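Right, one structure below, let's go through it.
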Amino acid sequence: MRDVMTRSAETPDPATTSTHPATPMTPVSSKSSKSSMPSSSRLTTQAGPIAAGVALLVLALLPLLPVPEFWITQANYIGMFSLVVLGLLVLTGVAGLTSFGQAAFVGLGAYTTALLSSRYGLSPWLGLVAGLMVTLVVALVLGWITLRMSGHYLPLATIAWALSLNYTIANLDVLGKYDGILGVPAIEFFGISLADGRSIYYLIWLCALLGALAVRHLLDSRPGRAIRALGGATVMAEAMGVSTFRYKVIVFLLAALLASVSGWLFAHVQRTVNPSPFGLRMGIEYLFMAVVGGVSQVWGAFVGAGVFKVIEDQLKELLPRLLGSNGNFEIIVLGVVLVLMLKYAPKGLWPAAQLLSARLWPAPAAHTRPLSAEESGIAPLPRRPQPERGMPLLRVDRLRKQFGGLVAVNDVSFTLHAGEIMGLIGPNGAGKSTTFNLISGVLSASSGHIELAGTPVNGWPSRRIARLGLSRTFQHVKMIPDMTVLENVALGGYLRGRSGTLRAMLRLDRAEERQLMAEAERQLRRIGMLHLADERAGNLALGPQRLMEIARALCSDPTLLLLDEPAAGLRLKEKQALAEVLRQLRQEGLSILLVEHDMDFVMGLTDRIVVMEFGTHLMEGTPEEVQASPAVRAAYLGTEH
Ligand code: ADP
Ligand code: MG
């Protein structure tokens, strides 16, 4: 499809030249100049493969070198901690769900395997499976109850169950009460006993690295984009068809299971378990590690766990000597460090480590974009049939919404026919956005009736309405600023994919993912923004952000598109180009309901217009009729002058 936006006509289309410039061609915002980090936020090591290779080599060789046993032990702990922190990184860093209770899940994994292997003589490998199952059940119950809580209640709830789980463990006779369980056997791996630190080292780090890889794969996938929306874009994600509660449960389970694996390793490293390493204090320390490492990057988990373990041990040695008395002084220092970090380096140490490594081993500057969808021959996603032109597609009947005493939408009725662009205009506060929210299920109506393609959708959540082919943009742009423009747009195609969490972690979702990305590219190109595909969405200026929202909505292959002030913040030429895109979409059979203040834009584009004032339906007619109406003129003059 031809680029219709003016900006891309001035610049070569990156899809045909195949290379993507390292810096965006257009100055997109003031924010981008402040950041010294590379603009792409894809979860890849920016430092390039060299740094990763060096790190892997060091890891692989460490136990073979004449390194003191102390450091092997340290490395083992760092590996086990990293597994827990990886889970927290997804749960807290990405999904925004703070948990102080991860140590309790470590405990479940550790106690299950300790009990089964020492008392009943079962293989530790069975202990692993059993531990994961116990954790799954407990986490499912706890998650089901606590994840519906909002704000500060969730972290408080995690503290509550962390304490009670620990207390339960410490008071069960079968678990040895406060003494715990002794004589836990070592893990055997094809006849090789992993009894000493150097041999279990490899198992620990294999688990940690596989965990990191799985998490990284997950975050860069269809379910991953939904998870990344949990942190602050749930309304938008729901409107794109995502069940956000389901994904909250999924990340909660994932974090619990990673912690459980860590506990399994821990039990067989220590060869004994007791309640103290699984208490609230350790839960807080895991969270500390996640914050120190940087809660939004996978490799930050290792940095966080490593820095924490080394510093804590040094402090434990140093502080009592300095202060001349015994005590857990290190916890005070760590607390102070945490507060300072949150204030001065809220993204943790990983970005700094990344910058350093990028300086040592500069990555190649330009990275190539794959060919565009048409050129690379990726099969397009199937499309839904468009309704027959002229049939009533959206019927709104005496729709009403009250906020306390304020009637924001007052018994409004209108019908939109398939293939039509309808305008919804009116002064500020007339109730247009609220009407959009009611139709799309973001808000539920106080009374009235909404029918979409013959289906009554009253009271449906927005994700269910989205399945019927309704997609929308928001008056105040809703996006995931840390994702690229392309990924944000691809979230719009959520309902057109199938891949779940497990497939994504195992990287079995690539064929579908390519289709989704190709579709996102197609929509970005249609809107003239393909050259910004790899830009961080948060770096865009307001105009392009709005266009990105339109591309995202189009990515869902809608039959009805709701656009709330799409032209606000656009320059004249961009507005003209947008109008051209919308005309083309109408040509293709799409129906559009449009709120817009720019009267030239509305009058030149719409087939019919509904005028609202103070929540009521003032009049309805063609653009000419509306322009000629004295009532409409009075409404606008009355409020705006
Ligand atoms: P418009 O989009 O036409 O400018 P809105 O639909 O945003 O108008 O708002 C209509 C009226 O409803 C306004 O008076 C606004 O203050 C009020 N309103 C909108 N959303 C809410 C809300 N969530 N809670 C309370 N009042 C609201
Ligand atoms: Mg509005």
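Table for the structure above
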{"read-out": "Accessible area of F403 in the full protein assembly, 1.4 Å probe (Å², nearest 10)", "value": "90"}
{"read-out": "Inter-centroid distance (Cα atoms) of the stretch 401-468 relative to the stretch 310-356, Å", "value": "53"}
{"read-out": "Low-density loop cleavage sites - trypsin sites (Lys or Arg not before Pro) in the stretch 479-548, where at most 12 other Cβ are within 10 Å (DSSP)", "value": "R498"}
{"read-out": "Rounded tilt (10° steps) of 330-344 against the dominant C-alpha axis of the chain", "value": "20"}
{"read-out": "Sparsely packed chymotrypsin sites (Phe, Trp or Tyr not before Pro) within the stretch 162-233, loop by DSSP, other Cβ within 10 Å at most 16", "value": "F190"}
{"read-out": "Binned Cα-Cα distance frequencies in the chain - 10 Å width, integer %", "value": "3, 14, 23, 22, 17, 12, 7, 3, 0, 0"}
{"read-out": "GluC sites (Glu not before Pro) restricted to the stretch 566-628 and DSSP loop, no more than 13 other C-beta within 10 Å", "value": "E588"}
{"read-out": "C-alpha long axis of helix 300-323 to longest principal axis of the chain, angle in °", "value": "50"}
{"read-out": "Rounded to 10°, Cα long-axis angle of helix 124-146 versus longest principal axis of the chain", "value": "40"}
{"read-out": "Per residue solvent-accessible surface (Å²) - the chain, probe of 1.4 Å", "value": "43"}
{"read-out": "Fraction of antiparallel bridges per DSSP, the stretch 531-641 only, in percent to nearest 5", "value": "50"}
{"read-out": "Stokes-Einstein translational diffusion, the stretch 206-345 - Kirkwood Rh over all Cα pairs, 1.567 mPa s, 4 °C, in µm²/s", "value": "74"}
{"read-out": "Percentage, to the nearest whole number, of Cα pairs in the stretch 252-299 over 15 Å apart", "value": "58"}
{"read-out": "Integer Hz, Karplus 6.51/-1.76/1.60 couplings in order for the stretch 261-276, x for Gly and Pro", "value": "4, 4, x, 4, 4, 4, 4, 8, 7, 6, 6, 7, 10, 9, x, 4"}
{"read-out": "Solvent-accessible area, 1.4 Å probe, carbon plus sulfur percent, for the chain", "value": "63"}
{"read-out": "Heavy-atom SASA rank of D179, D482, D220 (probe 1.4 Å, accessible area, largest first)", "value": "D179, D482, D220"}
{"read-out": "Paramagnetic label zone (point 7 Å from Cα along Cα-to-C-beta, L210; backbone N under 12 Å) in the stretch 93-131", "value": "129"}
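The values are calculated or read from the model by the stated rules, or taken from the named source; none is laboratory data. Keep in mind that what you see is a predicted model, and the values were worked out from it rather than measured. Heads up, the Cβs are rebuilt from the backbone with ideal geometry, glycines too, and the neighbour counts pull from every protein chain shown. Heavy atoms of the whole protein, side chains included, go into the accessibility calculation; ligands, DNA and RNA do not. Shrake-Rupley method; radii C 1.70, N 1.55, O 1.52, S 1.80 Å.
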